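All remarks here apply to the structure that follows.
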Amino acid sequence: MKISAFHIILGISFLSVSLFVYRKKMGCTYSVYGIGRKKKLSIPEVVVFAPCMRIPAQCDLQRALKGLIPRDVIDKLSCLRNRIALVADDTGGSAITELRQALEEYLSILIGLTKKEHGLENLVEFKWKNLVDGRQETSVANAWFELLSVVHMMAMLTLCEADTIMIPKDYSGSGFRVVSTDCKRDAVDLLLKAAGYLEFCVRNVLCCIPPEIKKSMSKDLQDGVLEAISIQALGQGTEIQLGLAIESQKATLSVKRRLACELLIYYSQAYQCISGCDLSPGYGKKHMWFIKWKFLEAKAAAYYYHGLVLDKGSEPTCHISAVCCFLAAQELLVESKKACISFCLATPVTRAPPLWGAMKHLHQKIPEVASRKSQMYGYLLEQEKALQSLPELPDFQLSLRPDDYELPAIDPAWDSGNWEKQGKQPLKDHLNDSEDEIETE
């Protein structure tokens, strides 16, 4: 069994990380734990990349909204928000179905705080923290910020679900990873759903948040970052489709070239979106390396399939252009492996998955075809050196679109007669009550 230099480098890198952690306890078998809740150190594998999930942190809704809205509405807001935070923190975000249901319920009641007629938009200081290290990132007194954070969390959960589907827990008897066709199609559906959440954030929520508040928000919520993740999700969906096309005997060469070129367009757009963002904190640099890695793979795939199409021509110029495409694809594949290593080693450290789908096929075929075709048409390359230029790739209209997302219907509690029955306390009196409470404390 041949082991490439790429896999050796990855192995050395990950071994170095392990030795660094365990070197103080040489000869002893033990688990490494972080501060607070005990967790074993592990290096996660990433197929579908999602920035670190943000979850709600403790905030005093009761005090901020006391007397302004019915008590049952406040209780429902607090209960659902605390439930989301507890489940997410306790399970590490793995209870996806339960969290998604709670987030949808919370959204329906949260929408009422964003209505201008209620005058409650800026009364509650909402707090969110990073799920991995528990560090509080943002504290913003704006209901639209809270709504943005909730929909963003739904998108991250959906990406994590797609990632889980693409990383099977068991392997076939041959030792190779097997992901069923149904799982791949389910993953594409989830990627389109996640893209829809993020597109909704960019188009319908960010525009409602004042510029001064945007400056204080987490860098993960920049419009360019959200757009990049949305487009990146479409790109990964296209990569899965390309893999399915390669496995299908009915898919033509033209179809494969089109999918490869579309894949390149998606990652080109994602790179343009994220390149203008502030990526200094958090997962920004790792996210950039992921896009670079997938961009280089996509470009290699596009040139490879374009070369196969050109090679079917009968003119010498067709064969020369084809060889140029194959050689370019080979060089891009080498660069993509370097970008993959940089992505894996960027904080936080992750593992690259075994080659799968379209890229497993291309890593085998591109070096083979590039070598064979360059030898076959070497005499043409020597005779027509002036024609040795890389041809332009064809442009295609993109096939995948984000799923449409709409907010759930507002909770009926906001339309009930409880406001009049309970007697809505004037805002001035509410503020006076708050001052008295502070003095008493």
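Observations on the structure shown:
- Here the Karplus relation 6.51 cos²θ - 1.76 cosθ + 1.60, evaluated at θ = phi - 60°, turns the backbone of segment 139-156 into coupling constants of 9, 10, 8, 7, 5, 5, 4, 4, 5, 4, 5, 5, 5, 4, 5, 4, 5, 5 Hz, with x for every Gly and Pro.
- Rolling a 1.4 Å probe over the heavy atoms of the protein chains gives segment 84-228 an accessible area of 42 Å² per residue.
- Over 23 Å (Cα to Cα) - which of Lys76/Lys129; Lys250/Lys294; Lys292/Lys360; Lys250/Lys360; Lys127/Lys215; Lys250/Lys338 fall in this group: Lys250/Lys294; Lys250/Lys338
- Close amide H partners of Phe126, meaning residues 5 or more places away or on another chain with modelled amide H under 5 Å apart, are Val140, Ala141, Asn142.
- For Glu45, distant residues with modelled amide H under 5 Å away: Arg351
The values are calculated or read from the model by the stated rules, or taken from the named source; none is laboratory data. Predicted, not measured: the structure shown is a model, and the values here were computed from it. Protein only, heavy atoms only, side chains kept; ligands, DNA and RNA dropped before computing areas. Shrake-Rupley method; radii C 1.70, N 1.55, O 1.52, S 1.80 Å.
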